[in-house]
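Worksheet: one structure, shown below.
Read-outs throughout are calculated quantities, based only on the coordinates presented, and are distinct from any laboratory measurement. The model shown is predicted, which means the values in this text are computed figures rather than measured ones. No Cβ is skipped: glycine too gets one built from the backbone with ideal geometry, and neighbour counts run over all protein chains shown.
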Amino acid sequence: MNHDSTWAPVRAKVLRTSAGVGVATGAYGLSFGALGSAADLTVAQTCALSVLLFSGGSQFALVGVLGGGGNALSGSASAILLGARNMLYGARLAPLLRLRGVQRAVGAQLVIDESTAVALSSEGHGERAGRLGFWATGLAVFVLWNLATLLGAVAGQAIGDPRDLGLDAAVPAAFLALLAPRLRGRSLWSTALLGAAVALAVVPVVPAGVPVLVAALVAVVAVVVRRQEAT
């Protein structure tokens with residue numbers, strides 16, 4: 001059996017997976033676009049976030065802080081904390097992708113949860129499959145996420161004040177919908193609940209947006225403590 005005949009079914013499987021992930025993830029862009037309006041962002045500002053930031057959790061964190069009355073600095077800090085995990089993904093993917101020059105810059109923008117997951121799961125069929133999984137998934141999510149963001153933002157502007165429909169409350173709800181699937185195991189749930197409790201406790205005494213940063217600090221401390229216990 002020649003190489004092409006063995007590659008064809010693997011290629012088809014990876015592309016099907018990438019397309020499915022792209023559609024499912026891209027659909028969240030509709031929510032982000034509409035919720036950007038709830039945070040008083042313009043259509044252009046909302047779309048710019050999806051193009052330039054392109055990290056679902058970070059984007060929802062930013063609009064959540066802004067929608068809650070926080071300033072851009074605290075919102076950006078929250079987004080950066082959540083986006084820091086992408087650096088770890090990049091380090092793991094570097095030996096597989098081996099990118100240089102312009103490709104490296106483009107690839108860095110596409111390093112997200114979904115492209116990393118498909119790339120690493122496809123790597124079992126060879127490096128070629130892993131690279132295909134990364135690029136196909138990353139590009140599919142990027143295109144569909146941004147198209148959906150535009151549609152959601154335009155629709156959000158068209159309905160008038162989003163608060164009249166309760167869309168301001170949908171920002172944290174959508175963020176939780178992204179977070180919940182990643183909480184696997186008792187320790188992660190315990191950390192998440194502790195962080196939420198601490199954030200709620202400091203709400204009355206700190207500026208808007210800061211409770212999110214405090215909750216993130218709880219998670220960092222929890223990781224450090226667990227590593228010390230493991231050693």
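Numerical summary
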{"read-out": "Dipole of segment 36-119, positive direction: furthest Cα of G90, F60, Q45, with charges on the beta-carbon", "value": "G90"}
{"read-out": "Mean Cβ count within 10 Å, highest first, over the residues of peptides 53-63, 24-34", "value": "53-63, 24-34"}
{"read-out": "Dipole-positive endmost among V106, N71, A12 within segment 3-182 (Cβ charges, Cα centre)", "value": "A12"}
{"read-out": "Relative contact order (%) - criterion: Cα under 8 Å, at least six apart; region: segment 3-182", "value": "41"}
{"read-out": "Trypsin sites (Lys or Arg not before Pro) within segment 59-162, DSSP loop, no more than 15 other Cβ atoms inside 10 Å", "value": "R98, R100"}
{"read-out": "Global geometry of segment 54-125, whether rounded, prolate or oblate, following the gyration tensor of its Cα atoms and the 1.5 cut on a/c", "value": "prolate"}
{"read-out": "Total charge dipole magnitude, segment 3-182, about the Cα centre, Cβ charges on Lys, Arg, Asp, Glu only, Debye to nearest 20", "value": "760"}
